[in-house]
Ligand code: SF4
């Protein structure tokens with residue numbers, strides 16, 4: 001089957017040995033294309049063009065994955081710019097990485113240290129700070145609600161012209 005044009009299918013490149021215990025591995029084994037719809041596909045702007053239902057399913061699976069923190073640390077320290085890892089998108093991973101760095105942990109290559117060491121250090125930090133994951137998740141929910149509210153406002157009819165054209169009507173009710 002042809003890949004959807006405009007999308008990249010790059011996730012398998014990041015497979016490491018801990019991935020043998022990954023929940024998503026079963027999906028990739030059964031149908032790489034289907035699994036890509038859930039975990040990988042993004043457009044070049046890094047947005048989420050995937051049906052939100054697929055993404056929600058993938059997030060739920062990540063939440064119960066036994067190697068969630070390894071996956072998240074690997075993708076963040078490895079600078080992976082696409083997809084869902086550990087149930088987190090790129091911007092969320094970056095937020096977690098920044099939190100850890102401000103706590104003295106070496107996550108990014110610009111901060112030095114080899115990749116394996118950074119992954120392990122960051123994974124240990126994640127393990128010790130479950131509240132950081134919760135904070136990033138709740139921030140995502142808050143942003144989503146704000147986007148929905150803004151969308152609803154954009155969809156509301158603009159009544160200003162109507163109110164101007166009916167300016168004298170209220171007087172009829174007095
Ligand atoms: S956390 Fe999610 S993306 Fe990562 S290995 Fe597990 S199921 Fe796959």
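The values are calculated or read from the model by the stated rules, or taken from the named source; none is laboratory data. Values in this document were obtained by computation on a predicted structure and should not be read as measured data. FYI the Cβ positions are ideal-geometry reconstructions off the backbone, even for glycines, and counts take in every protein chain you see.
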Can you find a residue in region 101-122 that is within 15 Å of the ligand (Cβ to nearest atom), farther than 21 Å from residue 37 by Cα and surrounded by fewer than 16 Cβ atoms within 10 Å (Cβ to Cβ)?
no
Sole residue being at pLDDT below 85, over 16 Å from residue 80 (Cα atoms) and away from the ligand (no atom under 14 Å from the Cβ), chosen from 31, 5, 44
5
Of all residues in region 64-92, which are out of contact with any strand residue (DSSP E or B) (no Cβ under 7 Å at 6 or more places or on another chain), near the ligand (Cβ under 8 Å from one of its atoms) and outside any loop (DSSP other than H, G, I, E, B)?
68, 70, 85
